[in-house]
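See structure below.
The values are calculated or read from the model by the stated rules, or taken from the named source; none is laboratory data. The structure presented is a predicted model; accordingly, all values stated were derived computationally and were not measured. Positions of Cβ are backbone-derived with ideal geometry, glycine not excepted, and every protein chain shown enters the neighbour counts.
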């Protein structure tokens, strides 16, 4: 077995151990290290001390050792042996005698970063130069929770799991003992020899074919790492993914980046996964790749993809059409009118794409569990599941009266009911926990049906949180955040854009507008008395007041007559200070496109009146295409409608917040619409208009605090695939 050591837990520790995370200080410098041949007596002590099997074969085809130049201290070993004929033929049937297996890959704990990839790369180079073997095979052992990440990032091909094998231990030495020696021993014979059966475990299998020249694969996602190992010429993995306006220029699978392949492998091998991947990392394409591999394994399987409406209609179909190896995937888009949805639902496609608002309709239409036909669930932007509520309220208000109604399944409730029918779950989110770990309860339930964090919202809150009986503020109990993330560590990964791709920096330009003294006095009186007398507007509670103060800061107020039922809402103009600031931004843009986010409906109407040429996202079906082709000079949208998954980087580099949001998810998503791979400008400028001395400033501070909390959470599952 070619495994580094037995300290993995389950894969993050492996990344740290092999130098792809940051447990050890320092970094391997190629000029200071070398790999040379060693003998079996020299290698065995290192293996016995630092490999979980506690031993190795008495012979080897190749034994390559890792040394610091000028030193004879052996710090690492790559041990190569011929596998069985059956194993050889499974790798290369035509030339099975030229197949070699990596039996042990061991490092001393003091080795610096990248030592494993350096040793493995140099060892493969020696085998390649010898030209005796054409194919290599190795395994990662699930008995040690190993996943083979070192092979994934050094361009081995993952081919799946082997059948379960018996793991025998010699209790006197703790060594792993093979049942296959000079002859195959039976279980009874192994027990007669005093060996103990530790269990039956699967292995992850990886192969590499040496006869295919690496230099002919310039688009390989691992070129940067392989170049460091000296196997290929340098390449730029940070180059933007090319647009695919020409159907004849489909991207080959080899163009997938290392982090995309890693995410695909996780989807393929893990029954449940929460992929907390930053926007711009190509998680849609990676997910489709992983799902396709699962569908290839079992053609009877079907996959349901749930996402925001615009992402369902545009992003997922576009991504399917841009990759050469995905062109055979069949899909149906269940959106539009009820008749259109029913017609699309009748199509037996491999992928069913549906917007999240239609999940309840889907469940009802198919007759619930009886009609459920999907084996894989992909939920795009899974933070939507944070509510952890299965049913709608049993009461509602109509014409001012409280009436009882029959509770209905919520979106979360539908998935909770269907979960036992689903074999694989993939949750994706760039912002999985905008409000802290409290947002992870519902997402975790859909992953494991409550195994890790409790099966109900009430139990989840009771176990992990404390509630202030006066303010009703809910905070994690001491140590809860660490404990929760520890329980999710084996089903959640964090991929940060800054670790892998060169995105244009985002420059935030805070523009504070001063309200006129008279308007500011009216604001303070409203804040104090909860009544804006000059505008005949009253806030009935402190919570309502906060929203009214934000309206005031934007330049208007909603007003309704309490004596009229049903209420008729009208807008009262207060000031135009923010509109003037926006006008200056547009003028200074000098014809460059500007993308604007607004808060309230009256913001939208006032912007429309001020800028007649503005194009509104919810009113233009071709907004994405028109924006990216430069036809729109002033694009306006509510961040809730434009935030998720849309690629707008080709149309401009200027953004503006006319009014903010309390939601970190909407803030972060909107801010990443233009700063994505393919952005041609060196910097994305984001203007934030705030009324000085108002609730705007507190809202902005809240977003910064929430961002720090989420960063701290995702850092606990962060994966760095290359140093």
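Scanning region 303-331 for residues that are within 19 Å of residue 373 (Cβ to Cβ), more than 19 Å from the chain's Cα centre (by Cα) and buried (at least 17 other Cβ atoms within 10 Å of the Cβ) returns 329, 331. Residues that are touching a strand residue (DSSP E or B) at 6+ places or on another chain (Cβ under 9 Å), farther than 30 Å from residue 285 by Cα and part of a helix (DSSP H, G or I) do not occur anywhere in region 440-459. Scanning region 339-370 for residues that are assigned to a helix (DSSP H, G or I) and out of contact with any helix residue (DSSP H, G or I) (no Cβ under 8 Å at 6 or more places or on another chain) returns 339, 340, 343, 344, 364, 370.
For region 539-550, check the following and say yes or no: at least one residue is within 35 Å of the chain's Cα centre (by Cα), under 30 Å from residue 676 (Cβ atoms) and not assigned by TED's automatic domain parsing to the domain that holds residue 428. Let's see the steps before the verdict.
So in region 539-550, the residues within 35 Å of the chain's Cα centre (by Cα) come out as 543, 546-547, 550.
Narrowing the set further to residues that are under 30 Å from residue 676 (Cβ atoms) leaves 550.
Now restrict to residues that are not assigned by TED's automatic domain parsing to the domain that holds residue 428: 550.
Yes, there is a match, as at least one residue in region 539-550 is within 35 Å of the chain's Cα centre (by Cα), under 30 Å from residue 676 (Cβ atoms) and not assigned by TED's automatic domain parsing to the domain that holds residue 428.
Residues checked against (1) surrounded by fewer than 24 Cβ atoms within 10 Å (Cβ to Cβ); (2) in contact with a helix residue (DSSP H, G or I) (Cβ under 7 Å, 6 or more places away or on another chain); (3) modelled with pLDDT of 95 or more:
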{"position": "420", "(1), (2), (3)": "yes, no, no"}
{"position": "429", "(1), (2), (3)": "no, yes, no"}
{"position": "451", "(1), (2), (3)": "yes, no, no"}
{"position": "458", "(1), (2), (3)": "yes, no, no"}
{"position": "464", "(1), (2), (3)": "yes, yes, no"}
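Within region 526-535, the set of residues being buried (at least 17 other Cβ atoms within 10 Å of the Cβ) and in a strand (DSSP E or B) comprises 532 only. Does residue 361 qualify as being out of contact with any strand residue (DSSP E or B) (no Cβ under 7 Å at 6 or more places or on another chain) and under 29 Å from residue 663 (Cβ atoms)? So residue 361 fits the description; yes. Every residue in region 378-408 that is closer than 25 Å to residue 431 by Cα and either in a strand (DSSP E or B) or not assigned by TED's automatic domain parsing to the domain that holds residue 280 (or both), please. Selection gives 378, 379, 380, 391. Of the residues in region 668-675, at least one is under 24 Å from residue 433 (Cβ atoms) and in contact with a helix residue (DSSP H, G or I) (Cβ under 6 Å, 6 or more places away or on another chain).
Pull up region 142-171, narrow it to residues that are part of a loop (DSSP other than H, G, I, E, B) and surrounded by fewer than 19 Cβ atoms within 10 Å (Cβ to Cβ), then point me to the one that is modelled with the lowest pLDDT. Give the steps one after another, and end with the answer.
Of all residues in region 142-171, those part of a loop (DSSP other than H, G, I, E, B) come to 145-148, 153-156, 162-164, 171.
Adding the requirement that they be surrounded by fewer than 19 Cβ atoms within 10 Å (Cβ to Cβ) leaves 145, 162-164, 171.
Working: 145: 70, 162: 72, 163: 61, 164: 65, 171: 75.
Residue satisfying both the conditions and the ranking: 163.
Scanning region 484-525 for residues that are over 30 Å from residue 263 (Cβ atoms) and buried (at least 19 other Cβ atoms within 10 Å of the Cβ) yields a count of 4. The condition of being closer than 26 Å to residue 290 by Cα and in contact (Cβ under 8 Å) with a residue 12 or more places away in the chain holds for only one of 438, 366, 354, that being 354. For region 122-141, residues that are surrounded by fewer than 21 Cβ atoms within 10 Å (Cβ to Cβ) and either closer than 28 Å to residue 270 by Cα or within 32 Å of the chain's Cα centre (by Cα) (or both) total 1. With respect to the conditions (1) within 24 Å of residue 668 (Cα to Cα); (2) free of Cβ contacts under 8 Å to residues at least 40 places away in the same chain, residue 278 falls short on a single one, namely (2).
Here is a yes/no grid of residues against (1) over 28 Å from residue 384 (Cβ atoms); (2) within 30 Å of the chain's Cα centre (by Cα); (3) in the same structural domain as residue 569 (by TED's automatic domain parsing):
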position: 612; (1), (2), (3): yes, no, yes
position: 624; (1), (2), (3): no, yes, yes
position: 636; (1), (2), (3): no, yes, yes
position: 664; (1), (2), (3): no, yes, yes
position: 669; (1), (2), (3): no, yes, yes
position: 685; (1), (2), (3): yes, yes, yes
position: 699; (1), (2), (3): no, yes, yes
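Here residue 407 meets the list (1) exposed (fewer than 13 other Cβ atoms within 10 Å of the Cβ); (2) over 25 Å from the mean Cα position of the chain (by Cα); (3) over 29 Å from residue 703 (Cβ atoms) almost entirely, failing just condition (1).
Screening residue 53 with (1) crowded, with 22+ Cβ neighbours inside 10 Å; (2) at pLDDT below 70 gives one miss only, at (2).
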